[in-house]
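A short write-up of the structure that comes next.
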Amino acid sequence: MIYSVVVPHKSSLESFLLSLSEKWIVSSIFKSNSVYTSIMASLAKQASLFPILLVNFVGTLGFSIVLPFLVFVVMRFGGNAIVYGILAATYPAFQLIGSPILGKWSDRYGRKKILLLSNVGTSIGWLLFLFALFLPSNTFNIHIAFLGTFVVIVPLLVLFLARAIDGVTGGNISIANAYLADLSSDSTRSKNFGKMAISSNLGFILGPALAGILGGTIYGAILPVLAALILSLATIIVIVFLLRESKAHSEEEVLVQEQGTIRKAFSQECRECYLDTSTKKLKLQDIFKLKHISFLLALYFLIFLGFNIYYAAFPTHATKDLKWSVTQLGIFYAILSGIMVFIQGPVLRKALKKFSEEKLVIIGSIILGTNFILFVSNNIVSVSGAIVLFAVGNGLMWPSFMSILSRYAGSKLQGSVQGVAGSFGGLASILGLILGGFLYNSIGAVTFLISAGVVFFIFLMSFQLLKWK
């Protein structure tokens, strides 16, 4: 989807110059005209979302390009659904360590620097991934007392290392959410997070589609992984040259009030730092004392748990039971994301005019739960219906939920809250991916009913959101 704004010729020149980050040139040209100065400020505000949306899009494209064939790579090296689940869980496991630290650093040192650090780690991860594909399938044994002897396949070991490095520096989503929250007001928050979701889904459309094309060549997984590496390097360039800092650099720790008054201080979105003689440095437990944040983090955890049980099971289900090729799996992901782009664009905007964000979380969760039930069947009609319900449910629920979380986090602790949320998501992803792999290896497609049960529980819990209004 392309957004364009028709403005007078001189304003278009200003917008062009601003896109090159040469504010001083524009200032020198128009400093004598206060009207143009106002227009310039307005255009800068409108254009400020573009770099972070571009970073999110390119990053998602680089990630999603390997989704269709990752399970094929694991099976090529002798793995199964369990190994695939554990490999997929490696990223969130190490993200669990890195995400809170990166979130706090982004509050202290600024979003741009930490986003850059995160994406450098991503590039190193893809470089190792590419290296693993050229390694011979050599093995060696490791004997552990009381556990026995394990056979280790060298390329899989390098893949685990690649995912670990990418994961420990993988706070880019949480930081990007915090960056977006910095630029959002109460009236624009839902729309902005909707745009962020659209940029992600556009990446998910093109990524799997490219994977289907590139992975179907004689080079197999090499070309898609090489493309992912190039895209991650392109993201670094975008961050360095296009992304402007959204949060002022601060050498001071964030301070919050003592235990007795912290709930009152942060019961609404706060834009000031509360300082008095009873303040102390921010600790992890202070995040959970913010009003409603604990409940929202619990929902965040369950959402990721339900989704990742499904994500671990479906690729193996597609290859073994549905007999899909890498191209068919790529088409599936592309179609799914294409529908979500539509839902999170015009449909979400119209829905927000009729329903509150809290109600959209409830509506989206019941639709999502129904979708997972349909995946149990191998019938193409059932799978097609599941794709539509998946897109509609996720498209309505997730941006609305993220907007609610951002609203209650407040601007001062946005990065810290998003970082902790990322860790909750990481923990749920670890459990969900490993559990999903073991479940599918044991009970097959019935695993999707477990995902449905988790999401239906989210549906029941979400009614609590209505009581906060």
>> Looking at Phe355, Phe375 in this structure, which one is crowded, with 18+ Cβ neighbours inside 10 Å and either closer than 30 Å to Lys104 by Cα or hydrophobic (A, V, I, L, M, F, W, C) (or both)?
In response: Phe375
> Which residue, of Gly385, Gly395, is in the same structural domain as Val455 (by TED's automatic domain parsing), crowded, with 22+ Cβ neighbours inside 10 Å and touching a helix residue (DSSP H, G or I) at 6+ places or on another chain (Cβ under 6 Å)?
Replying inline: Gly395
> Just checking, which of Ala176, Ala228 is in the same structural domain as Val74 (by TED's automatic domain parsing), surrounded by 18 or more Cβ atoms within 10 Å (Cβ to Cβ) and more than 27 Å from Ser400 (Cα to Cα)?
Replying inline: Ala228
>> So, in the range 314-330, exactly how many residues are in a helix (DSSP H, G or I) and surrounded by 17 or more Cβ atoms within 10 Å (Cβ to Cβ)?
In response: 10
> Just to be sure, is Leu348 closer than 22 Å to Ile450 by Cβ, assigned by TED's automatic domain parsing to the domain that holds Val74 and either under 21 Å from the mean Cα position of the chain (by Cα) or surrounded by fewer than 19 Cβ atoms within 10 Å (Cβ to Cβ) (or both)?
Replying inline: no
> Going by the conditions given, is Ala391 free of Cβ contacts under 8 Å to residues at least 60 places away in the same chain, more than 24 Å from Gly170 (Cβ to Cβ) and hydrophobic (A, V, I, L, M, F, W, C)?
Replying inline: yes
> Among (1) under 29 Å from Ile443 (Cα atoms); (2) of a type outside the set (Val, Ile, Thr); (3) buried (at least 22 other Cβ atoms within 10 Å of the Cβ), where does Tyr311 come up short?
Replying inline: (3)
>> Residue under question is Gly419, and the condition is that it be in contact (Cβ under 8 Å) with a residue 60 or more places away in the chain, out of contact with any helix residue (DSSP H, G or I) (no Cβ under 7 Å at 6 or more places or on another chain) and in a helix (DSSP H, G or I); does it hold?
In response: no
> Looking only at residues in the range 281-302 that are surrounded by 13 or more Cβ atoms within 10 Å (Cβ to Cβ) and in a loop (DSSP other than H, G, I, E, B), which one is modelled with the highest pLDDT?
Replying inline: His292
> Applying the selection to the range 46-72, what residues are crowded, with 24+ Cβ neighbours inside 10 Å and within 21 Å of Leu133 (Cα to Cα)?
Replying inline: Leu61, Gly62, Ser64, Ile65, Pro68, Phe69, Val71
> Going through the range 205-225 one residue at a time, which ones are under 22 Å from Val341 (Cβ atoms) and crowded, with 24+ Cβ neighbours inside 10 Å?
Replying inline: Gly207, Pro208, Ala211, Pro224
> What are the residues in the range 55-109 that are of a type in the set (Phe, Trp, Tyr) and farther than 30 Å from Arg244 by Cβ, if any?
Replying inline: Phe69, Phe72, Phe77, Tyr84
> From the set of residues in the range 431-464 that are aliphatic (A, V, I, L, M) and without any contact (Cβ under 8 Å) to a residue 12 or more places away in the chain, which is surrounded by the most Cβ atoms within 10 Å (Cβ to Cβ)?
Replying inline: Ile443
> Does the range 416-438 include one or more residues that are closer than 20 Å to Asp286 by Cα and touching an Asp or Glu at 6+ places or on another chain (Cβ under 6 Å)?
Replying inline: yes
> What are the pairs, 6+ residues apart or on separate chains, where a residue within the range 117-141 that is not assigned by TED's automatic domain parsing to the domain that holds Val152 has its Cβ under 7 Å from a residue that is of a type in the set (A, V, I, L, M, F, W, C) and in a helix (DSSP H, G or I)?
Replying inline: none
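The values are calculated or read from the model by the stated rules, or taken from the named source; none is laboratory data. Worth saying up front: this structure is predicted, and the values here are computed from it rather than measured. Note that we place each Cβ from the backbone using ideal geometry, even for glycine, and neighbour counts take in every protein chain shown.
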